[in-house]
Amino acid sequence: MKPASRHIVACRRCPGLICWALTTANGRPQPVDATPNALGNLAVSRGSDDLLYVRSLTKAHPEPRPGEWRAMPHHATCANPPAKRSTGVRSAPWKR
Ligand SMILES: [Zn+2]
């Protein structure tokens with residue numbers, strides 16, 4: 001299984017393609033790479049409501065179930081992840 005093209009959108013921060021999936025843990029949308037990844041630690045599935053759902057694979061249950069595919073969280077592969085608050089770097093002084 002893999003995401004349908006209607007689920008795939010471009011990342012706003014890099015040229016990568018992602019899918020938004022709701023976490024089964026708390027229902028929050030999480031960006032995952034659109035391309036299934038055998039090294040991913042997430043299992044993504046398409047619900048009967050045609051939304052994508054994502055759950056973490058654990059050591060106890062490391063294999064996706066039938067109908068799920070393995071994916072990487074986009075945070076791990078994004079070329080421009082959200083900037084961390086820098087400390088110790090001052091912005092340039094204003095010039096008049
Ligand atoms: Zn990205």
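The values are calculated or read from the model by the stated rules, or taken from the named source; none is laboratory data. Quick caveat, the model's predicted, so the values are computed rather than measured. Every residue, glycine as well, gets a Cβ built from its backbone with ideal geometry; the counts of neighbours run over all protein chains shown.
Pro3 passes every criterion in (1) of a type outside the set (Ser, Thr, Tyr); (2) within 13 Å of the ligand (Cβ to nearest atom); (3) in contact with a Cys (Cβ under 7 Å, 6 or more places away or on another chain) apart from (2). Selection of region 20-39 for residues being more than 14 Å from Glu68 (Cβ to Cβ), aliphatic (A, V, I, L, M) and more than 11 Å from the chain's Cα centre (by Cα) yields Ala25, Leu39. Of all residues in region 1-41, those being in contact (Cβ under 8 Å) with a residue 40 or more places away in the chain and assigned to a loop (DSSP other than H, G, I, E, B) number 9. Just one of (1) within 16 Å of the ligand (Cβ to nearest atom); (2) modelled with pLDDT of 95 or more trips up Arg70, so point out which. The single condition Arg70 does not satisfy is (1). Restricting to region 23-52, name every residue that is among the small types (Gly, Ala, Ser) and within 17 Å of Ala76 (Cβ to Cβ). Correct list: Ala34, Ala38, Gly40, Ala43. Just one residue in the set Leu42, Leu52, Leu17 is within 16 Å of the ligand (Cβ to nearest atom), within 12 Å of the chain's Cα centre (by Cα) and farther than 20 Å from Asn80 by Cα; that residue is Leu42.
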